[in-house]
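Peer 1: Right, I'll just put the structure down here and ask away after.
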Amino acid sequence: MSSADDGTNHRNELLSLGSHWHVWKTIQNLQAAERLHDYQSLTIDIVPILRLWAEAWTGIPSWQSFLNKKSFQHEIEESMVALFHLNEWRRKSGCERFVAVDVCGGKGVFSMLLKYMAGIHWNHDGAATLDHIILLEKSTEEQIGWNHLRAQPGNDIQLVTVDLWSDCNLHAHDSLLDRFHALSLPLALTGIHLCKGLSPAMLSLVNLLGEQCQYFCLAPCCMPRVVTSKGIYVSQRRLQVFQYESQFQREGRRLQLKQRAAARRKGLEAVHCIICQSAEHWVGHCPLFPSAPAEQTCLLQEAASQIPCWNCGKVGHFKSDCPNEKAATCDPPVTELNVCAVIKESDPLPLYCRLLLTAVQGPIESTQVVVTGLSNETKHQTGNWNSLRKAVYIVACR
């Protein structure tokens, strides 16, 4: 028997072992599903892609965590919704090339589908071309295996590349802005089932990017505690979303932050005992510190006069008495959303999404809150808002 026959037999054995995998069940279910929603028009393109994956990789142990996930069909359908709206924007967009960002993409189901859809169907139809995909994720390569995003199914398909930005914190907006601005291409952001504070954090990023972010799609997974908890005071039921700041404003804020940080470092360096000159303790903890209150006051005032102001960096006064311009906060300007009424609704998640949408800064050409019809397989009590988790999407474009 030839080596080619051995390879074929081995592959057939793997296919037999993987015949029960969820990817095959998903293919069958998508083909049999009644077409009730717009996103299901992509089924004709998605099923061949899933079949390509299944025929190439089912039965291989390293692919089981991706193609045999119990939630595989639900994640594929969620991604189909996002793909449908991204394609609608792409076809109408006036830009030539763009970068798609999979925000907190986890295992990368959306990125995986998108790279095949763009490579096979989208990048040859005369509409906006997908340059590449960025998968933005707080986890690292050691925590989540992304080898499937680099795999090639053994044919001549020109696939779009996925650039992994692992170990990235969505709340670290300044460092993310620097990386995105360096791309010099329009961005299309997609965040599927973002938990709690990640949804407002993504909208903060949308605002901070300004016109570079031409499109975004967001599907909150769950609402933050400030929305859902009934034990929080009404006055504290506020959700913050960052607002746009110009490059000049951002550079000024960063400069002030650097100056304040430098002043704090100098302050720490100046913390030595003026009695015995030791750097091991502050004057108030010195064994030679006098017991007379008047002497203590004089020594403490003298020691304090050597510490620079944490606002401007100069010595001679404290931050509370600083005559100079107040240092910038660590964050850009914010808008606050009053979320008191959300949880009182019988159907709070769509209301929460509409409220989030009001924090997005313009100019915005179109916005919509889409209830997809996707059902969560988890059993919930009647009226529990969790039954709509991952089923409501915010879609907007400039």
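Peer 1: Enumerate the pairs (first residue in segment 32-61 and closer than 19 Å to Trp21 by Cβ; second residue anywhere and in a helix (DSSP H, G or I) and of a type in the set (Gly, Ala, Ser)) with beta-carbon separation below 8 Å, excluding pairs fewer than 6 apart on the same chain, so at least 6 apart or on different chains.
Peer 2: Here the result reads Gly59/Ser16, each pair linking segment 32-61 to a residue that is in a helix (DSSP H, G or I) and of a type in the set (Gly, Ala, Ser).
Peer 1: Kindly list the number of the only condition in (1) modelled with pLDDT under 95; (2) under 14 Å from the mean Cα position of the chain (by Cα) that fails for Val160.
Peer 2: That leaves (2) as the condition not met.
Peer 1: Quick one: in segment 186-197, which of the residues that are within 17 Å of Ser111 (Cβ to Cβ) and at pLDDT 95 or above is surrounded by the fewest Cβ atoms within 10 Å (Cβ to Cβ)?
Peer 2: Leu187
Peer 1: Across segment 345-363, what is the number of residues that are part of a loop (DSSP other than H, G, I, E, B) and hydroxyl-bearing (Ser, Thr, Tyr)?
Peer 2: The total comes to 2.
Peer 1: Please specify each residue of segment 193-212 satisfying the condition of being in a helix (DSSP H, G or I) and touching a Pro at 6+ places or on another chain (Cβ under 6 Å).
Peer 2: Answer for segment 193-212, where residues must be in a helix (DSSP H, G or I) and touching a Pro at 6+ places or on another chain (Cβ under 6 Å): just Ser199.
Peer 1: Considering only residues of segment 42-101 that are touching a strand residue (DSSP E or B) at 6+ places or on another chain (Cβ under 9 Å) and basic (Lys, Arg), which is nearest to Ser366 (Cα to Cα)?
Peer 2: Checking each candidate, the answer is Lys92.
Peer 1: For segment 107-152: of the residues being outside any loop (DSSP other than H, G, I, E, B) and touching a residue at least 60 places away in the same chain (Cβ under 8 Å), which is farthest from Trp89 (Cα to Cα)?
Peer 2: The qualifying residue farthest from Trp89 (Cα to Cα) is Asn147.
Peer 1: What is the residue count in segment 153-169 for residues that are in a strand (DSSP E or B) and either aliphatic (A, V, I, L, M) or not assigned by TED's automatic domain parsing to the domain that holds Leu187 (or both)?
Peer 2: Residues flagged as in a strand (DSSP E or B) and either aliphatic (A, V, I, L, M) or not assigned by TED's automatic domain parsing to the domain that holds Leu187 (or both) within segment 153-169 amount to 2.
Peer 1: Let me ask something additional. Which one is farthest from the chain's Cα centre (by Cα), of the residues in segment 88-102 that are over 14 Å from Ile133 (Cα atoms) and not charged (D, E, K, R)?
Peer 2: Gly94
Peer 1: Okay, next question. Applying the selection to segment 198-248, what residues are in contact (Cβ under 8 Å) with a residue 12 or more places away in the chain and polar (S, T, N, Q)?
Peer 2: Ser199, Ser204, Asn207, Gln212, Gln214, Thr228, Gln240, Gln243
Peer 1: While we're on this one: Every residue in segment 332-371 that is within 14 Å of Ser204 (Cα to Cα) and modelled with pLDDT under 85, please.
Peer 2: The one that is within 14 Å of Ser204 (Cα to Cα) and modelled with pLDDT under 85: Gly362.
Peer 1: Can you pull out every residue in segment 90-106 that is small (Gly, Ala, Ser) and assigned to a loop (DSSP other than H, G, I, E, B)? Break it down stepwise before answering.
Peer 2: Step one: list which residues in segment 90-106 are small (Gly, Ala, Ser), which gives 93-94, 100, 105-106.
Those that are small (Gly, Ala, Ser) and assigned to a loop (DSSP other than H, G, I, E, B): Ser93, Gly94, Gly105, Gly106.
Peer 1: Then there is this: Starting from segment 272-292, keep only residues that are farther than 15 Å from Glu302 by Cα, then list their pairs with residues that are surrounded by 15 or more Cβ atoms within 10 Å (Cβ to Cβ) whose Cβ atoms are within a distance under 6 Å, requiring at least 6 positions of separation or different chains.
Peer 2: Ala279/His272; His281/Cys273; Leu288/Ile275
The values are calculated or read from the model by the stated rules, or taken from the named source; none is laboratory data. Quantities reported herein were computed from a predicted structural model and do not represent experimental measurements. Positions of Cβ are backbone-derived with ideal geometry, glycine not excepted, and every protein chain shown enters the neighbour counts.
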